[in-house]
1. In the set Lys180, Lys176, which member is among the basic types (Lys, Arg) and within 17 Å of Ser153 (Cα to Cα)?
2. Considering every residue within segment 71-88, establish whether at least one is buried (at least 20 other Cβ atoms within 10 Å of the Cβ), in contact (Cβ under 8 Å) with a residue 24 or more places away in the chain, in contact with a Ser or Thr (Cβ under 6 Å, 6 or more places away or on another chain) and within 26 Å of Glu145 (Cβ to Cβ).
3. Taking segment 102-134 as the search range and keeping residues that are touching a strand residue (DSSP E or B) at 6+ places or on another chain (Cβ under 8 Å) and under 28 Å from Gly67 (Cα atoms), which one is modelled with the lowest pLDDT?
4. For segment 192-226, name all the residues that are touching a Lys or Arg at 6+ places or on another chain (Cβ under 9 Å) and closer than 16 Å to Gly12 by Cβ.
5. If Lys29 meets every condition in (1) at pLDDT 95 or above; (2) within 21 Å of Ile177 (Cα to Cα); (3) of a type outside the set (Asp, Glu) apart from one, which number is that one?
6. Taking the conditions exactly as written (acidic (Asp, Glu), in contact (Cβ under 8 Å) with a residue 12 or more places away in the chain and over 28 Å from Val27 (Cα atoms)), does Glu172 satisfy them or not?
Amino acid sequence: MSYTIALAGKGGTGKTTMAGLLIRYMVEKDLKPVLAVDADANANLNEVLGIPAGQTIGNAREEMKKGGLPNMTKDIFMEMRIQESLVESEGFDLIIMGRPEGQGCYCAANTLLTQFIEKLSQNYPYLVVDNEAGMEHISRLTTREIDVLLIVSDSSRRGLQAAVRIGELTRELGLKIEKKLVIINRAETEDLAELKAWEILLQDQGLTLLGVIPKDEMIYAFDKEGKPTSTLPENSTARAAAFKLFDLLF
């Protein structure tokens, strides 16, 4: 069973950049190979990692719902499509979940999807899932125990409330999670005065504040220039702070 870290957070918190930095950290620390799963509806983990996007599993579900390929069973078809969707890189591989475009029941396809993701992940000691706030895809992998859920928030009251709501949602979905940790991202210097209050708020909701990552103009510069933010240099304050927090995970 692979060690599973899932990330969640509302849009705009820098969650996917954090997922990319985590994968970069794991590869540098020889914690590999990693299976990275982009399970966010706004799939752009590949851009953060600086690799091309593969076909989405959502497309495979659409194809299977329409009958797949002639003379091929549905399970063989799904396994073939998942293998084709895998993008290989140095120290990690990426698979993009995507969303179905049509309407109707995807129960059979989702069941097969879960089975094959479970089967695929057995080849990797580490699994990192970049998930949306709604936890849609994670909720399908209910047989998997999540070792660490990293909820990424900004320092606003609304952001922290969203983090708390994600924690509540995991309980409603009955997900098996060993640790639920919160990272406050893009923090301004004056926000640090609220650190104790944040810790108390999160503890009351069964969440633990792992730490704070400062706002880093270098990230905005990388975004503007189209550079993958997972390749931030060592003098990046966000990268340095993130790597210190990741040290605590391992």
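The values are calculated or read from the model by the stated rules, or taken from the named source; none is laboratory data. Only a predicted model underlies this, so the values are computations on that prediction, with no experimental measurement involved. FYI the Cβ positions are ideal-geometry reconstructions off the backbone, even for glycines, and counts take in every protein chain you see.
1. Lys180
2. Scanning segment 71-88, I find no residue that is buried (at least 20 other Cβ atoms within 10 Å of the Cβ), in contact (Cβ under 8 Å) with a residue 24 or more places away in the chain, in contact with a Ser or Thr (Cβ under 6 Å, 6 or more places away or on another chain) and within 26 Å of Glu145 (Cβ to Cβ), so the answer is no.
3. If we take residues in segment 102-134 being touching a strand residue (DSSP E or B) at 6+ places or on another chain (Cβ under 8 Å) and under 28 Å from Gly67 (Cα atoms), then Ile117 is modelled with the lowest pLDDT.
4. Passing the criteria: Ile213, Lys215, Asp216, Ile219.
5. (2)
6. Values: acidic (Asp, Glu): yes; in contact (Cβ under 8 Å) with a residue 12 or more places away in the chain: no; over 28 Å from Val27 (Cα atoms): yes.
It is false that Glu172 is acidic (Asp, Glu), in contact (Cβ under 8 Å) with a residue 12 or more places away in the chain and over 28 Å from Val27 (Cα atoms).
For (1) over 20 Å from the mean Cα position of the chain (by Cα); (2) among the aromatic types (Phe, Trp, Tyr); (3) surrounded by 14 or more Cβ atoms within 10 Å (Cβ to Cβ), each residue gets a yes or a no:
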position	(1), (2), (3)
Ala162	no, no, yes
Lys176	no, no, no
Asn185	no, no, yes
Leu192	yes, no, yes
Leu202	yes, no, yes
Gln205	yes, no, yes
